[in-house]
Amino acid sequence: MLWGLFYTFNSMKQTAPIGIFDSGVGGTSIWKEIHQLLPYEHTLYLADSKYAPYGNRSKEDIVALSKKNTEFLLDKGCKIIVVACNTATTNAISILRTQYDIPFIGIEPAIKPAALKTQTQSIGILATRGTLSSELFHKTAETITNGIKLTEVVGEGLVPLIEKGDFNDPALKTLLQKHLSPMIEADIDHLVLGCSHYPYLVPLLKEMLPEGVKIIDSGEAVARQTQAVLKKHDLLNPEQSSPNLQFYTNAELDTLQLLLKDYRNKVTIEKKNF
Ligand code: DGL
């Protein structure tokens, strides 16, 4: 009897959605990797665009916003939460883990693979002020980059432009030129994207970086980690039917619709207050 109850409860959890949140639309770059690796999983994505960017907010603010998003996803019955935001991960995930009884997956800048592969002994990282000033980032960077030059640049101004969805705005190129110049001067051969919004800049970055500079982001690693944690907790969805792919934003729909245009027949995008 007890075993039967456990079995029913667990299979209900297995079919529950994966909850994902970001300060805005950027975490859709992570959602795409998760959906590609786990195509039968239901997902519920929160774009907290009304409060974006998180990058220049205080740690207290970032924690409060992350808790708000977590509680929304918990109310919707999510089985796991992916914090698809480097700024929220580096500032809030340890607090979330102590306060909520659900597995959390975070995203952190992939400096380790860059540090392992660099030939010039010089790598660059573009991330938000919130990520680069966090204790978690500092600790990781110190242990990994021993003897390697790490040029840290705050991607000031990039997130609001990406949130607008205008990738042809000349201001984007001007800002990137400014942000990339100290890295190019430092002869980097790897650029680490430390913000989930930035993968959408890859076409522009490729145009602007010297040939041979590799761009690294953490999206695929986060998807693999999500799969591993679901497996460990016996939470993978055994059903193989078309999943429910729900997106909520508390701002306008346009940029989400643009970034998800290849999935438009599969996803539902709605505006909601949260
Ligand atoms: N997408 C976010 C990150 O990965 C946050 C950007 C922001 O809101 O400043 O850091």
Listed residues ALA228, ALA171; which is under 24 Å from GLU252 (Cα atoms), without any contact (Cβ under 8 Å) to a residue 24 or more places away in the chain and assigned to a helix (DSSP H, G or I)?
ALA171
Any chance THR174 is more than 16 Å from the ligand (Cβ to nearest atom), farther than 23 Å from ALA110 by Cα and either crowded, with 19+ Cβ neighbours inside 10 Å or modelled with pLDDT of 95 or more (or both)
yes
Does region 148-166 hold any residues that are within 26 Å of ILE111 (Cβ to Cβ), touching a helix residue (DSSP H, G or I) at 6+ places or on another chain (Cβ under 9 Å) and more than 16 Å from the ligand (Cβ to nearest atom), and which are they?
ILE148, LEU150, THR151
Between a first residue in region 88-108 that is at positive phi and a second residue that is open to solvent by 10 Å² or more (accessible area, probe 1.4 Å) and within 15 Å of the ligand (Cβ to nearest atom), which pairs have beta carbons less than 8 Å apart while being 6 or more apart in sequence or on different chains?
none
Which one of these is within 11 Å of the ligand (Cβ to nearest atom), touching a residue at least 24 places away in the same chain (Cβ under 8 Å) and part of a helix (DSSP H, G or I): SER29, SER11?
SER29
Residue list for region 177-201, restricted to those being more than 16 Å from the ligand (Cβ to nearest atom) and in contact (Cβ under 8 Å) with a residue 60 or more places away in the chain
ALA186, ASP187, ILE188, ASP189, HIS190
With respect to ALA92, determine if the residue is part of a helix (DSSP H, G or I), under 23 Å from ILE20 (Cα atoms) and open to solvent by less than 10 Å² (accessible area, probe 1.4 Å).
yes
Pairs only if they're at least six apart or on different chains, beta carbon under 9 angstrom, first in region 116-128 and at positive phi, second within 16 Å of the ligand (Cβ to nearest atom) and outside any helix (DSSP H, G or I); list them, first residue then second.
none
The residue from GLY106, GLY147 that alone is farther than 25 Å from ASN56 by Cβ, open to solvent by 20 Å² or more (accessible area, probe 1.4 Å) and of a type in the set (Gly, Ala, Ser) is GLY147
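The values are calculated or read from the model by the stated rules, or taken from the named source; none is laboratory data. This structure is a prediction, so every number in the text was calculated from the model and none was measured. A quick note on method: Cβ atoms are made from the backbone with ideal geometry, for glycine too, and the neighbour counts reach across all protein chains shown. Heavy atoms of the whole protein, side chains included, go into the accessibility calculation; ligands, DNA and RNA do not. Shrake-Rupley method; radii C 1.70, N 1.55, O 1.52, S 1.80 Å.
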